[in-house]
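Worksheet for the structure shown next.
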Amino acid sequence: MTPKPTGPPDGGWGWVVAAAGFAVNGLSYGVLRSLGLAFPDFAEYFDRNAQETAWVSALALAVQQAASPVGSALSTRWGARPVVMVGGVLTSLGFVFSAFAHSLLHIYLGLGVLAGSGWALVFAPALGTVSRYFSRRRVLAVGLALTGNGASSLLLAPALQLLLDNFGWRGSLLLLGAVTLHLTPCGALLRPLALPGDPLALPRSPLAALGLGLFRHRAFLVLTLGTALVGVGYFIPYVHLAPHALDRGLGGYGAALVVAAAAVGDIGARLLCGWLADQGWVPLPRLLTVFGALTGLGLLAVGLVPVVGNEDSWGGPLLAAAGVYGLSAGSYAPLIFCVLPELVGIGNVVQATGLVMMLLSLGGLLGPPLSGFLRDETGDFTASFLTCGSFVLSGSFVYLGLPKALPSCRPASRPGTPPPEMGELLPVPQVALLSPGDPHSTLDTTC
């Protein structure tokens with residue numbers, strides 16, 4: 001049956017959907033962030049260098065994000081529930097296939113292509129569904145869903161190191177295949193919801209289903225360009241934070257602790273930023289610009305941490321820098337997706353999420369191999385983190401072109417605010433809320 005169109009419930013089953021989004025995010029990006037702990041084992045077993053093993057995560061990120069519009073289009077046609085369930089099966093098969101690899105190429109195909117394709121079918125539909133269930137508390141709900149990334153990293157980083165020590169990389173990948181299969185029941189929880197802003201008819205062509213017409217909006221074009229630049233550096237800690245800690249003199253568990261520190265900061269920041277953004281004190285594009293710039297500065301700090309004396313050290317400076325990066329990156333993450341309904345309308349949010357993920361793939365494909373190349377050339381990851389932090393800062397400056405990203409100091413009549421389902425930042429007619437002759441009328445100055 002087709003559900004009766006209503007507004008976003010802002011609660012109820014929406015919190016179950018947010019919990020499913022939490023698990024989906026943890027079983028996709030959380031697993032990918034911790035997977036870097038296995039790269040030294042890949043390099044040793046297959047006799048390859050850091051640049052070549054970095055292509056595992058680069059391919060997984062690129063396939064997952066480049067194919068995200070396909071997941072969005074399939075979700076538009078058949079709904080998020082079956083698409084996410086199929087994606088969970090593909091992701092699990094990718095890990096199982098890689099556990100029996102006899103060359104690094106098999107790892108590329110299993111984790112990069114097969115698991116990456118599965119992740120492409122789960123992330124955008126799940127996150128878009130969370131956005132559709134909320135309006136007033138949207139940033140908090142999306143932030144809660146995105147904390148799955150940090151929570152999963154917090155648990156999986158030490159757990160994966162323990163598995164690698166006891167079962168080797170093959171046994172660890174088999175167990176991760178069983179864990180990622182839980183994406184399937186998460187998809188079953190994504191109950192369909194019809195909203196007033198939805199298109200009246202299904203897209204008639206594949207291009208329309210992909211939502212490419214959204215690029216006609218200047219604000220959406222600015223957002224995707226800035227996001228592509230941010231993507232070059234944003235995912236470097238997912239791949240190389242643990243190896244960077246090892247290069248700085250920490251042991252295996254010390255490196256896992258650094259990853260966990262970033263995860264703790266990430267979790268707290270996503271919830272705090274979600275609450276802050278929902279208060280409406282600062283426009284979302286302005287918050288996006290600020291926290292994007294802070295993320296870039298956090299990457300620079302991680303790259304400049306000095307070498308630790310011995311493996312038994314806790315690496316205090318690197319722990320602090322990783323925590324700062326986690327706080328800033330965690331604040332940035334929910335904003336990039338929650339600004340979309342205001343730019344394109346709630347009816348296009350799933351397609352817009354897929355397109356943003358596709359643009360992120362350009363950076364995701366370039367960043368990790370570039371980082372690995374710089375490490376092989378210089379002997380450590382300092383240049384890698386400095387270069388990629390510069391990319392994040394560049395993308396943050398591009399965000400200044402978004403509506404309301406900069407304060408304006410000109411008197412203007414207060415515009416009518418359309419409902420969130422229609423896109424609050426889309427051009428709307430200026431309307432007078434008070435009569436010009438009314439003695440209580442005042443000019444509004446936004447500064």
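The values are calculated or read from the model by the stated rules, or taken from the named source; none is laboratory data. Every value quoted in this text rests on a predicted model; they were computed, and no experiment measured them. Reconstructed Cβ throughout: ideal geometry from the backbone, glycine too, with neighbour counts over all protein chains shown. Side chains included, ligands, DNA and RNA excluded: accessible areas come from the protein's heavy atoms. Shrake-Rupley method; radii C 1.70, N 1.55, O 1.52, S 1.80 Å.
Here are the numbers for this structure:
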| quantity | calculated |
| --- | --- |
| Test set (1) of a type in the set (S, T, N, Q); (2) in contact (Cβ under 8 Å) with a residue 40 or more places away in the chain; (3) open to solvent by 10 Å² or more (accessible area, probe 1.4 Å) - Q279 fails condition number | (2) |
| Only listed residue being in contact with a His (Cβ under 9 Å, 6 or more places away or on another chain) and modelled with pLDDT of 90 or more, chosen from A23, A50 | A23 |
| Condition check for V16: touching a Leu at 6+ places or on another chain (Cβ under 7 Å), closer than 30 Å to D278 by Cα, open to solvent by less than 10 Å² (accessible area, probe 1.4 Å) and in a helix (DSSP H, G or I) | no |
| Qualifying positions in the range 294-308 - open to solvent by less than 30 Å² (accessible area, probe 1.4 Å) and closer than 16 Å to F391 by Cβ | T295, G296, G298, L299, V302, G303 |
| Residues being free of Cβ contacts under 8 Å to residues at least 60 places away in the same chain and more than 21 Å from the chain's Cα centre (by Cα) - total across the range 72-93 | 1 |
| From the options Y234, Y253, residue that is under 21 Å from the mean Cα position of the chain (by Cα), open to solvent by 10 Å² or more (accessible area, probe 1.4 Å) and not acidic (D, E) | Y234 |
| Identity of the residue in the range 263-276, among the hydrophobic types (A, V, I, L, M, F, W, C) and open to solvent by 10 Å² or more (accessible area, probe 1.4 Å), that ends up farthest from L335 (Cα to Cα) | V264 |
| Matching residues in the range 267-287 - criterion: being assigned to a loop (DSSP other than H, G, I, E, B) and among the aromatic types (F, W, Y) | W281 |
| Among the residues listed as V96, V89, V84, V70, the single one being open to solvent by less than 40 Å² (accessible area, probe 1.4 Å), part of a helix (DSSP H, G or I) and touching a helix residue (DSSP H, G or I) at 6+ places or on another chain (Cβ under 8 Å) | V84 |
| Filter pass, A54 being under 18 Å from the mean Cα position of the chain (by Cα), closer than 24 Å to A333 by Cβ, assigned to a helix (DSSP H, G or I) and not hydroxyl-bearing (S, T, Y) | no |
| Meets criteria (part of a helix (DSSP H, G or I) and under 13 Å from the mean Cα position of the chain (by Cα)) for F22 | yes |
| Unique match (being part of a helix (DSSP H, G or I) and among the hydrophobic types (A, V, I, L, M, F, W, C)) among A101, A62 | A62 |
| In the range 346-366, the residues that are open to solvent by less than 10 Å² (accessible area, probe 1.4 Å) and farther than 12 Å from Q64 by Cα | I346, V349, A352, T353, G363 |
| Residue match in the range 35-43 (condition: assigned to a loop (DSSP other than H, G, I, E, B), in contact with an Asp or Glu (Cβ under 9 Å, 6 or more places away or on another chain) and either hydrophobic (A, V, I, L, M, F, W, C) or at pLDDT below 85 (or both)) | no |
| Tabulated pairs, the range 238-267, first farther than 17 Å from L304 by Cα, second assigned to a helix (DSSP H, G or I) and β-branched (V, I, T), C-beta under 6 angstrom, 6+ apart or interchain | I267/T147 |
| Residue match in the range 168-175 (condition: at pLDDT below 95 and more than 16 Å from S92 (Cα to Cα)) | yes |
| Test set (1) more than 20 Å from the chain's Cα centre (by Cα); (2) closer than 30 Å to N49 by Cβ; (3) of a type in the set (S, T, Y) - S117 fails condition number | (1) |
| Spans of helices (runs of 4 or more DSSP H) in the range 110-224 with at least 2 residues in contact with a helix residue (DSSP H, G or I) (Cβ under 8 Å, 6 or more places away or on another chain) and crowded, with 23+ Cβ neighbours inside 10 Å | 116-132, 138-180, 183-188 |
